[in-house]
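Data block below; observations after.
No value in this document is a laboratory result; all are computed from the given coordinates. This one's a predicted model, so the numbers in the text were calculated from it and none came from an experiment. Cβ coordinates were reconstructed from backbone atoms using ideal geometry, including for glycine residues, and neighbour counts include every protein chain displayed.
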Amino acid sequence: MFKARYLPLLLLALIFIMSIFVYRVLPDRVPMHMNWKGEIDRYGSKAEGAFFFPVVILIVHLIMSLVFRAYINSIDADARSVAADRLGIFKSLLILLFAAMYADFVMVALGRPSSMYEFLGIPVALLFYYTGVLMKDTPRNGIMGVRTKWSMADDEVWVKTHHMASTVYRVSALFPLLSLAWPNLFWLWLAVPLILAPTVMIFASRRYYMELVGRK
């Protein structure tokens, strides 16, 4: 039976295989950076264009693997297998987000207009939604989750805070999808949940803790 923890490795292999074909079709000089206006302000070689994104994706994967491994080792042994598969799905969604950016870069390098903000909304929304899935059952630990001084102080506060976080992040997934209709406002749709969700979590954990103290 295929385990989701191995899915990121499969996606990485596919991306590196595709980068070989990308190298063959790219021109000798490719755009490597655009300013906030969407204007190209730096060019690079075709080798840099073909392999820069795959290498960045690999580095991000390795960093996440180290963090997630520390988290998995910090939780109960019976929950580690399920956690590894769920985190494998999360890493896969993040890899797909970078892959979408890579695909848009290739299209621009081949002379087509950028449409990144039009289709990035879907992988970003999936990441927000699945973050909500992970939040719901995250056990209390010192590495991942909503780690305020209030949530870390008590298991009940931790559980309530993360159930709230699960709902908030799932609802937040709707905001990036607005970029499908209004791509020029992509960063606004992204900023709203990035600011709103952590703020709600901080105040929620404090409220749950004060309610707990009030009952004692």
Residue-span extension gain [M107 to D41] - 0.36 nm each, minus C-alpha spacing: 22.1 nm
Distance between the range 137-188 and the range 83-97 - C-alpha centres, whole angstrom: 16
Cross-link partners of K3 among aspartates and glutamates (Cα-Cα below 15 Å; sequence separation of 8 or more within a chain): D85
Highest-MSF residue in the chain out of H162, H33, H61 [GNM, Cα springs under 10 Å]: H33
Helix runs (DSSP H) in the chain reaching 24 Å along axis by Cα, Kyte-Doolittle at least 1.6: 7-25
Within the range 1-113: Cβ-based charge dipole about Cα centre, in debye rounded to nearest 20 (Lys, Arg +1; Asp, Glu -1): 120
Burial ranking of peptide ranges 176-185, 199-208 (average Cβ count within 10 Å, highest at the top): 199-208, 176-185
Two-decimal Rg to Rh for the range 1-113 - Kirkwood Rh, Cα set: 1.09
Normalised contact order of the range 115-216, rounded percent, pairs of Cα under 8 Å and 6 or more residues apart: 36
Amide H partners (placed H, <5 Å) of M32, local residues excluded: R42, Y43, G44
For q = 0.12, 0.18 Å⁻¹, Debye-computed log10 I/I(0) when each Cα of the chain counts as one equal scatterer: -0.75, -1.29
Whole-number percent relative contact order across the chain, with pairs defined as alpha carbons under 8 Å at least 6 apart: 18
Quotient of C-alpha Rg and 2.2 N^0.38 Å, computed over the range 115-216: 1.21
Contour minus Cα-Cα distance for L185 and E211 (0.36 nm per residue): 5.5 nm
